[in-house]
């Protein structure tokens, strides 16, 4: 049976929030078995913890954010959680002094390197899984995703934009995901955007850290 994991040591990062443009100090700390992933906002009074749960997802437009019942949120969590998942981590306490995680270089690489530096430790409790029992489909406009039951985690992914360098013919990935090939093949994938969109985003108070 596979045990839950957390990190051995505290690790700290800092950077700029992609949308807020504000400096963010982030501390990733070990957490007890069965505690899950918690984000702690130290910039609000009193300090607030936000548990990572599907029912607390607030928005996924341009960044994923979660929000607690009191309306306190944490945004741009997707790269960090991708790294956490790839490393098999179950329990962490993440302190932030801002409402948004740092974007770092636009990829998950900085988070992966920090987690590896902190080290991993097994805990006494058994790991919990979400099992896909039948095909699930989600569609939003011209975007779609299918989840199929399988004995392994693999991705067949394609992006298609009206741009000669970003088309379905040149940007498709089919890979069986493991810790090792996440680190070597996926972790450096970076957020990208078009210059033509930056001004409009910033007029809406977004992309201020670009």
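What to note about this one:
- The residues listed here are 34, 105; of these, the one that is part of a loop (DSSP other than H, G, I, E, B), in the same structural domain as residue 18 (by TED's automatic domain parsing) and at pLDDT 95 or above is 34.
- Residue count for the stretch 135-154, restricted to those that are surrounded by 10 or more Cβ atoms within 10 Å (Cβ to Cβ) and either touching a helix residue (DSSP H, G or I) at 6+ places or on another chain (Cβ under 8 Å) or touching a residue at least 24 places away in the same chain (Cβ under 8 Å) (or both): 1
- Among the residues of the stretch 158-183, those that are at pLDDT 90 or above and surrounded by 10 or more Cβ atoms within 10 Å (Cβ to Cβ) comprise 175, 176, 177, 178, 179, 181, 182, 183.
- Residue in the stretch 70-83 that is within 27 Å of residue 122 (Cβ to Cβ), in contact with a strand residue (DSSP E or B) (Cβ under 6 Å, 6 or more places away or on another chain), in contact (Cβ under 8 Å) with a residue 40 or more places away in the chain and surrounded by 13 or more Cβ atoms within 10 Å (Cβ to Cβ) present: no
- Check on residue 157, under 24 Å from residue 76 (Cβ atoms), touching a residue at least 24 places away in the same chain (Cβ under 8 Å) and not assigned by TED's automatic domain parsing to the domain that holds residue 9: no
For every residue, the table says whether it meets (1) at positive phi; (2) at pLDDT 95 or above; (3) in contact with a strand residue (DSSP E or B) (Cβ under 9 Å, 6 or more places away or on another chain).
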position: 122; (1), (2), (3): no, yes, yes
position: 135; (1), (2), (3): no, yes, yes
position: 141; (1), (2), (3): yes, no, no
position: 146; (1), (2), (3): no, yes, yes
position: 153; (1), (2), (3): no, no, yes
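- Screening 131, 89 for residues that are crowded, with 20+ Cβ neighbours inside 10 Å and assigned to a loop (DSSP other than H, G, I, E, B) leaves exactly one candidate, 89.
- Residue count, the stretch 51-74 (criterion: part of a strand (DSSP E or B) and within 25 Å of residue 117 (Cβ to Cβ)): 1
The values are calculated or read from the model by the stated rules, or taken from the named source; none is laboratory data. None of the values given here were measured: they were computed from a predicted structure. FYI the Cβ positions are ideal-geometry reconstructions off the backbone, even for glycines, and counts take in every protein chain you see.
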